[in-house]
Amino acid sequence: MLLALSILAAGTALRQVDRVRFAVGRPRGAGAGDLLAHQRARANDTTPTLLLVGQWTQIVGWWLLAAEGVLGALVAAVGVAVQFRHLQEISHFAVHGVLARTSRANHLLAETFVHHPMALGPARIRRIRHVREHHPNATVAGADPNLAELQQAGLRPGIGTGRLVLALLHPLTPAGMRITARTLGGNLLGSGRAGRIGAVLALLAAAQLIGGWQAVVCGVLVPRLLLYPQLAWLSLFVEHTWFDPDPRSGPPAWTEAGRCLRLYPRNPALALLALGTWLPYGDLYHYAHSAHPGMRWNYLRAFERSLDAPHFLPDGLALGSTTVLRRHRSALTRTPSP
C-alpha cells in the first residue's frame, strides 16, 4: 500500500513540472495575443513528456493498489479511468499542435503515450475529425462528427425522459459497449496494426507483472472498456448546447458564445472536482478553447476572463435548477421531428 501511494505521489509531482513551466510569468487575465506570446515563449518538448510520464506513473500506482484487495481494486478502476481521461485530453492538445513545441513532438507524444496504448485511432485522423470537421462546424447537423455521435446514441427530436437517461449512460448500455468494442477492433486492425496491437499487449503484460490479474481487469480492461468511455461521453455531453444553439456570425468568441456552455460557473468546489476527474486540463473551459483552439489549457482560464459569458451557464449536469440534461431534453422536445 505504501509503495502504491508513493508512486502515485511521484507521478503527481512529475506532472507539476509542466504546470510550473507554463505558470511562471503567466498573466492572470489577458487577451489572446499576450497569452499566446507567453505560450510560445514557454513551449518545449521536455515538460510535456514529463507530464505524460507522470500520468503513466500514476497508473502504475493504481495497478499496485489494485492488488490490495477488493476495495483497492475498485478504487484503482476509477483511478485508472480518470488517468485515461486525462491522457485523452492531453493528447487532444497535441492534436491541436500546442502540447509540445514541434509538430513532430506533438504527433510522437500523442501516438506513443496515448493513442497506441489506449487503442485510439491514428492521431492524424483524429486531427482531421476534430480540428477540421468539428471545430468549424460545432452543433451543425450533417457536418459535425461529434453531434453525429450523440444522434447515433438516440439523442433525437421526440426522445422521452427514460431514453434520455439511457443516452446519458450510453457507453454502459449494451449498444454502447458494442460500439466501444467495434471501435477498438477497428483501431487495432487499421493503420499500423502491428505497433498498435503490440502496444496494447505490452500494456496488459505490464499490468500483470505489476499488479497481477487484478491490475489487468480493474486497471486496464474495466477502465478502458467501460469507465473511461463513460467519462469521455459525459464530457462530450456538456461541451455545447447541441440541440438549440444560438446561430451567430462574427468574431470566433461571439460565434462560440452562442453554441457553448460553461459548467459550474458559480460552484468552485464542483468545478475543481470536475477539473480533477472528468473535465481535466482545458475541458471545463471548453468555451474558451472553442473561441481560440490554438491556446494551451494553461491559459484558458485567464483567457476566459476576457470573454463575455456564453449563452448558457448551467449549475450542473443533471442535478440543480439549471442543468445540461434538462436543457437538452427541453430542446429535443421542442424540436419537431423531420
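Side notes on the structure shown:
- Estimated inter-spin distance, Ala23 and Arg124, nm [label 7 Å along Cα→Cβ]: 3.8
- Size descriptors for the chain, from the alpha-carbon set: Rg then Dmax equal 19.8, 59 Å.
- Average projection, convex hull of the Cα set of the range 133-202: 6.3 square nanometres.
- The stretch between Ser249 and Leu188, if pulled fully straight at 0.36 nm per residue, gains 17.9 nm over its current Cα-Cα span.
- Note on Asp308 and Leu3: their simple-model spin labels are 5.8 nm apart, each label 7 Å out from Cα toward Cβ.
- Spin-label model distance (nm) - Thr161 vs Trp213, 7 Å beyond Cα toward Cβ: 4.4
- In the range 11-82, the trypsin sites (Lys or Arg not before Pro) that fall in loop regions by DSSP, at most 10 other Cβ within 10 Å: Arg28
- Computed from Cα atoms alone, the Kirkwood hydrodynamic radius reported for the range 226-287 is 12.6 Å.
- At q = 0.10, 0.18 Å⁻¹ the log10 of I(q)/I(0) for the range 197-329 amounts to -0.43, -0.96, computed by Debye summation with a single uniform scatterer per C-alpha, solvent ignored.
- Stretch gain in nm, segment Leu225-Leu319, where the contour uses 0.36 nm per residue and the Cα spacing is subtracted: 31.2 nm
- Where only C-alpha atoms are counted, convex hull volume of the range 1-156 per residue in Å³: 155
- For the range 85-163, the pair-distance distribution built from all alpha carbon pairs, in bins 10 Å wide starting at 0, is 18, 39, 27, 13, 3 percent.
- Options His170, Ala291, Gly61, ranked by Cα towards positive dipole end of the chain, top entry (Cβ charges): Ala291
Taken together, the values in this text are just the output of simple stated rules run on the coordinates, not laboratory data. On a predicted model such as this, the values are computed, not experimentally measured, just so you know. Glycine also receives a Cβ, built like all others from the backbone with ideal geometry; neighbour counts cover every protein chain displayed.
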